[in-house]
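What follows draws every value from the coordinates through simple rules; no lab data is involved. Nothing here was measured: the structure is a model prediction, and the numbers come from that model. When we count neighbours, we look across all protein chains shown, and the Cβ atoms used for this are built from the backbone with ideal geometry, even at glycine.
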């Protein structure tokens, strides 16, 4: 096999594996990166050249962050839980191993950290590292409220980094993010209803398991309604225009 052919086969396999690692959460975990950066760009009325540069950086930053996170997630749940809840994942399908996923994680994380330093968003990257340590090494993912809080802090680090990459004032970004993370805290347990069998087998105590099915549904529903009302109050036209006038 020639070097070029080996390189082609290797790159093709890595692309397929990367997609397999990331496909299950792509819409929720990666798509917000360019959307929030675009919102920041529109807020400050950037030029097309600035927008192109910012979105390119955002996509690279978002890809390596999301890829490294999914590698950690797959390596952590690559045995008992995924065999029950996510049998199509690469490790369960024997397309790769936990050790190989960890190696990819170290490489992707190093690339992402270097990129975050170059783009001057390393403060938010440090928050994300703290989340990963808490979630995977300290096993916060095994207890419902702790897992939900980790996800909230992770979303905070992601969205604030994207807003900064868009170049707008960080205080304006935080006004949006604080409402988004409040909504997420109460609604993120919804995904855990689907995963109860695998979580029980893995020894996890997610929010639906801790509260019970019906009380957990009431909890998430009330949280969703409350935050939606808050969204409407803060960002309805009269209130938002009044606050905009005060800031100007």
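When only Cα pairs under 8 Å and 6 or more residues apart are kept, what is the percent relative contact order across the chain? Before the final figure, lay out each step's value.
On the way: 247 pairs, mean separation 50.5, N = 248.
Result for the chain is 20 percent.
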Task: For the chain, built as a Gaussian network whose Cα springs stay under 10 Å, the top-fluctuating residue of 222, 160, 22 - done: 222
Open item on the list: Run the helix sum for the chain: -39,500 (n - 2.57) per DSSP H stretch of 4+ residues, divided by residue count, reported at 222 nm to the nearest 500 deg cm²/dmol.
Closed with: -25500 deg cm²/dmol
Task: Part-to-part distance (alpha-carbon centres) for the range 85-123 and the range 126-141, which is given in Å - done: 14
Open item on the list: Could you tell me the center-to-center distance, by alpha carbons, between the range 159-204 and the range 1-69 in angstrom?
Closed with: 19
Task: Selected from 99, 130, 216 as most flexible by GNM, with the chain as the system and alpha-carbon contacts under 10 Å - done: 99
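By counting other Cβ atoms within 10 Å of each Cβ, how are 15, 180 ranked from fewest to most?
Numbers: 15 10, 180 17.
Neighbour counts put them in this order, fewest first: 15, 180.
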